[in-house]
Amino acid sequence: MSPTYDVLIIGSGASGGMAAYTLAQKGVNCLMLDAGPEVDFTRDRSLKRVYDLPYRGFGRPGQFPHVTQASEFTANVWADEKQNPYTYDPNDPYYWVRIRLVGGKSLFWGRASWRLSDYEFKCKDHDDFGDNWPIGYSDLAPYYDRVEPLFRVSGRKEGLPQLPDGVFIEDNSVDSESVKRFVKSCAAVGIPTTKGRRATGQFASSVNLLLPDALASGNLTLVSNAVVRNITVDRNTGLVNGANFVDRRSKREMHAKARVVMVGASCLESTRLLLNSGIANSSGVLGHYLFDEFYVKNIVQAIVPELRNGSGRHGVIRGGGYIPRFRNLKTREKNFIRGYAVDFGSGGTPDPTYFPLYGEALQKEVNACKEAGFEMTAMGEVLPRFENHVRIDPNVQDAFGIPALHIQARYSDNEHAMARDAMDTLDERCRAAGFEVLVKHSQMVPPGESIHELGTCRMGDDPKTSVLNKWNQSHDVKNLFVVDGSSFVSGGSQNPTLTILALSMRSSEYVAAQLRSGNL
Amino acid sequence: MSGAEQQPATPKAARAPIDETPTLQIATTDSAAETVEHYFSESQFQVLERLSDIIAPPISGVPGALAAGVPAFLDFLTSQSSAHIQNLYRDGLDALNHQAQSRFKTDFKGTTASQADEILAPLRKPWTYEAPAEPLQAFLVLAKGQILQGTVNSREWISVVSKRDRRASGLGTYWHTID
Ligand SMILES: Cc1cc2nc3c(=O)[nH]c(=O)nc-3n(C[C@H](O)[C@H](O)[C@H](O)COP(=O)(O)OP(=O)(O)OC[C@H]3O[C@@H](n4cnc5c(N)ncnc54)[C@H](O)[C@@H]3O)c2cc1C
């Protein structure tokens, strides 16, 4: 007979990985199921020349209509969209970016690591929109303090209330002249800037930073290629008791048993699992309040004029930084609530398609602007709204016969107004820094493309308006926990993974304590 | 000279002993043979050749789109693309011929440089994030991007430019099927 584990963890990415890391080292006997195969880093990748690829680097047309991040080099990494379909209204496209491998998206994330602040946790107190989280910054700060060293996050302390400092590998690098000029032009109008904050090292994933210690404890059984179909419920107690899964390769149907189930299959997959299991939805809000961060990629592309034609390069280019949210912090300043952040970088070569030229004239201009670019991307807060939601599409199933999601998401006037403000403000700051603005725009990428989907199993104190309590625990089913970004109540403009990791660690310590005291 | 001739023969000394697992040196299709164009009509293909040469001509010893085999590559790529892209290309190429005929009484291939410049005026309009609404402009913007990328991703372009700039090696980490 198969064993009953203390905890079944579904998903091995950032959130599930942190749950395993925390629980297994506390002596909790865990089973982890992940839908994907494991990566063998020596066998699965090699160096190739772009012209040796079948499509000369363009990729097979139509293979990834929703994954703009995919290239022909990485095509085998992303979840196959035909095997894993989802639907949306054609007027409201949603770009759902998934990785089904042991380690999940943490294998390939960009590692930008920011803390949320009470501007997010207590957002309603600031502008009366939406809901506060059931926790405040002080509840999560001790966990951020432990996650940052584990992920070797580098950064510079600034003392900004909207972007709390962390336990960083200090980044004291000297800014290049172009970055200094941009920073000064921002400071002149009270816009703060800082260094990027990023997990460092060759690699910063659940598979190298979390799962090895969990496995070494002897308390983690990790099973790959296990696609969870639904979470099972003991009819007598109403508690969950394990999960049904299908072996991806043989299609064999299996069941695993556990006393507690922790779901970390990523925001929308976890929500899909709960919806397909018919649990944890007495509130009726499961699947609702979907949001992410909106991105306006290359919102302003500028040129540092003295770098034209390769002159004055030494010390002038390279590096970059980050503008944290600065709008609506103290008073309501603009025609929108909340705010946006900006990533900026110096030293790129502008895309040739930006120049209204061709032939020799184009080549001359591209050569002149080689590595003279100053570019930036704006990332803005998306308001959580009930109407933005996911539900099960009764007509579509994945390759394993598991009902697929229908996703309904649309940005509102608030986000559009923010994007325009970001474009105008950054255009102005670039000109004030003495840069030439080559192009600018305020077109957001479709919802989902930022890969920061959040909110569909949100936390709250009130079981009537939320799915989870402040410990990421289902209000309805006390031995069920959801530890990924679906638990967010609001997201700010910061990339979410550091917060996902901190929440998962906090929830897992709670589970370990509850198991010890016999409450679960 | 074909790419196959450029491949150095494996020196005898490098041959593995007969009872070891061999790693065979395999050439890519592109390096050993030419694409058989089949998607565009002959006249469309001629327009694509001229357009490719105008957008990415050879400059200072760096191969342009024609030497990089871009028209044949785009013929293949378009044949596998969506109906929307296929229509943009076919209609766009026909429109260039049509404009050349009506304005200069020749096909696009026969236009002088300044006549071609007149026809390609939409390419000199400022960049917009959204694809242009006007079909010819939308085609030209798309084709410009693809011709440039097809050129700089080609063996011919990379083998010349990488000698001057080590970053232009065309190398990347390729992920094999993971299972
Ligand atoms: C290219 C890229 C860049 C990014 N950059 C950043 C960044 O700079 N900063 C940042 O904060 N975030 C970034 N992100 C987002 C970040 O990767 C995610 O927020 C994070 O990985 C989410 O963790 P997760 O555990 O919720 O999901 P994942 O890491 O995706 O893990 C989910 C796991 O669940 C498994 N799974 C799914 N369904 C099932 C099922 N039915 N049964 C069993 N297993 C299942 C999947 O196989 C996967 O392994 C980036 C993502 C990508 C792809």
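The values are calculated or read from the model by the stated rules, or taken from the named source; none is laboratory data. Here the structure is a predicted model, which is why all the values come from computation and not from measurement. In this analysis, Cβ positions are derived from the backbone assuming ideal geometry, glycine residues included, and neighbour counts consider all displayed protein chains. Please note that ligands, DNA and RNA were not included when accessible areas were found on the heavy atoms of the full protein model with its side chains. Shrake-Rupley method; radii C 1.70, N 1.55, O 1.52, S 1.80 Å.
Structure notes:
- Filtered residues of segment B:61-76 (kept if open to solvent by 10 Å² or more (accessible area, probe 1.4 Å) and part of a helix (DSSP H, G or I)): B:72, B:73, B:76
- From A:482, A:467, A:489, residue being within 15 Å of the ligand (Cβ to nearest atom), away from every other protein chain (no Cβ under 14 Å), among the β-branched types (Val, Ile, Thr) and buried (at least 20 other Cβ atoms within 10 Å of the Cβ): A:482
- Scanning segment A:22-39 for residues that are open to solvent by 10 Å² or more (accessible area, probe 1.4 Å) and within 14 Å of chain B (Cβ to nearest Cβ) turns up A:34, A:35, A:38, A:39.
- Qualifying residue in segment A:495-503 (condition: in contact with a strand residue (DSSP E or B) (Cβ under 9 Å, 6 or more places away or on another chain), away from the ligand (no atom under 16 Å from the Cβ) and open to solvent by less than 10 Å² (accessible area, probe 1.4 Å)): no
- Exclusive hit being at pLDDT below 95, within 10 Å of chain A (Cβ to nearest Cβ) and open to solvent by 70 Å² or more (accessible area, probe 1.4 Å), set B:179, B:165: B:179
- If you go through segment A:109-123 and keep only what is part of a loop (DSSP other than H, G, I, E, B) and touching a residue at least 60 places away in the same chain (Cβ under 8 Å), you end up with A:109, A:110, A:111, A:113, A:114, A:115, A:116, A:117.
- Residue match in segment A:341-355 (condition: part of a strand (DSSP E or B), free of Cβ contacts under 8 Å to residues at least 60 places away in the same chain, within 14 Å of chain B (Cβ to nearest Cβ) and buried (at least 17 other Cβ atoms within 10 Å of the Cβ)): yes
- Of residues in segment A:376-429 being β-branched (Val, Ile, Thr) and within 18 Å of the chain's Cα centre (by Cα), the one surrounded by the fewest Cβ atoms within 10 Å (Cβ to Cβ): A:377
- Criterion violated by residue A:82 - all others in (1) open to solvent by 30 Å² or more (accessible area, probe 1.4 Å); (2) part of a loop (DSSP other than H, G, I, E, B); (3) of a type in the set (D, E, K, R); (4) facing chain B (nearest Cβ under 9 Å) satisfied: (4)
- Residue that is most open to solvent (accessible area, probe 1.4 Å), among those in segment A:40-68 that are among the charged types (D, E, K, R) and assigned to a loop (DSSP other than H, G, I, E, B): A:43
- Long-range neighbours under 6 Å by Cβ, at least six apart or interchain, first residue modelled with pLDDT of 95 or more within segment A:183-203, second within 15 Å of the ligand (Cβ to nearest atom) and of a type in the set (Phe, Trp, Tyr): A:194/A:322; A:196/A:322; A:197/A:114; A:199/A:151
- Note on segment A:149-186: among residues that are β-branched (Val, Ile, Thr) and in a helix (DSSP H, G or I), the one that is least open to solvent (accessible area, probe 1.4 Å) is A:179.
- Inside segment A:356-375, residues that are within 13 Å of another protein chain (Cβ to nearest Cβ), under 36 Å from the mean Cα position of the chain (by Cα) and either among the basic types (Lys, Arg) or under 30 Å from residue A:493 (Cβ atoms) (or both) make up a count of 2.
- Of the residues making up segment B:118-151, those that are more than 9 Å from chain A (Cβ to nearest Cβ) and without any contact (Cβ under 8 Å) to a residue 24 or more places away in the chain number 9.
- A single member of A:88, A:119 is away from the ligand (no atom under 16 Å from the Cβ), open to solvent by 20 Å² or more (accessible area, probe 1.4 Å) and under 30 Å from residue A:332 (Cα atoms), and it is A:119.
- Selection of segment A:225-273 for residues being open to solvent by 50 Å² or more (accessible area, probe 1.4 Å), assigned to a strand (DSSP E or B) and within 14 Å of the ligand (Cβ to nearest atom) yields A:229, A:253, A:254, A:255.
- Test result for residue B:106, without any contact (Cβ under 8 Å) to a residue 12 or more places away in the chain, over 22 Å from residue B:74 (Cα atoms) and within 14 Å of chain A (Cβ to nearest Cβ): no
- Annotation: of all residues in segment B:152-162 being in contact with a helix residue (DSSP H, G or I) (Cβ under 9 Å, 6 or more places away or on another chain) and assigned to a helix (DSSP H, G or I), the one that is farthest from the other protein chains (Cβ to nearest Cβ) is B:161.
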